[in-house]
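Worksheet: the structure to be examined is printed underneath.
Values in this text are rule-based calculations from the coordinates and carry no lab data. Quantities reported herein were computed from a predicted structural model and do not represent experimental measurements. We place every Cβ from the backbone using ideal geometry, glycine too, and count neighbours over all the protein chains shown.
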Amino acid sequence: MITRCARGPDGPAGGLEGRRRVTPTDIPGLLRRGAGALAAGRVALGLVALARPSVPARPWVGPAADDLAAQVFGRALGARDLALGLGALTALQRQAAEPVAACAWVAAGALSDALDAAATLSSWHELPRTGRWLVVASAGGAALAGAAGALALWPGRDGASA
């Protein structure tokens, strides 16, 4: 059972009387918040990759993360994530005025995550064992969460502007 705590004047309400179940009408709002969290995480990852590209690349490609080619590609992917994250955050702040833009930015992030997972799967046997699972799980999960967020942001859906 998913519950949300009600806050009283002195903090969270004690006991079950301060909680309520999440209803189906709450789900689009939760997905929109999740899309914002994914976008913020994308910005953070992008900044790390720009500054130290081997940090996010090492789990993905192993010791090759220190090679010049991997450093260049790591920074390029960092720039991509930074741009997608900032675009999504900006569009989400303006969602009421431009609902299509918010949906498009979140969907673009989901697509990039899905393609990262596909790239990992295509080189599965050549990648480090632990890292490949980590990347497929995180990129695949982010792609699914981003797609759900984009659907929740789709203009005309019930509660999409709430």
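With the largest listed first and rounded to whole Å, the semi-axes of the equivalent ellipsoid of the stretch 27-153 from the Cα gyration tensor are 28, 16, 10. For the chain, a crude dipole built from +1 on the beta carbon of Lys and Arg and -1 on the beta carbon of Asp and Glu, taken about the Cα centre, is about 320 debye to the nearest 20. Putting +1 on Lys and Arg Cβ atoms and -1 on Asp and Glu Cβ atoms, find which of Leu121, Gln93, Gly78 reaches farthest to the positive end of the dipole of the chain. Toward the positive end, the furthest listed residue is Gln93. Across the stretch 24-41, coupling constants 3J(HN,Hα) worked out from phi with the 6.51/-1.76/1.60 Karplus curve, θ = phi - 60°, read x, 6, 7, 4, x, x, 5, 5, 5, 5, x, 4, x, 5, 4, 5, 5, x Hz, and Gly and Pro carry x. Take each peptide in 37-50, 142-155, 60-73, 101-114, count the other Cβ atoms within 10 Å of every residue, and average; sorted highest first, the result is 101-114, 142-155, 37-50, 60-73. Contact order for the chain, expressed relative to its length and based on alpha carbon pairs under 8 Å spaced 6+ residues apart, stands at 26 percent.
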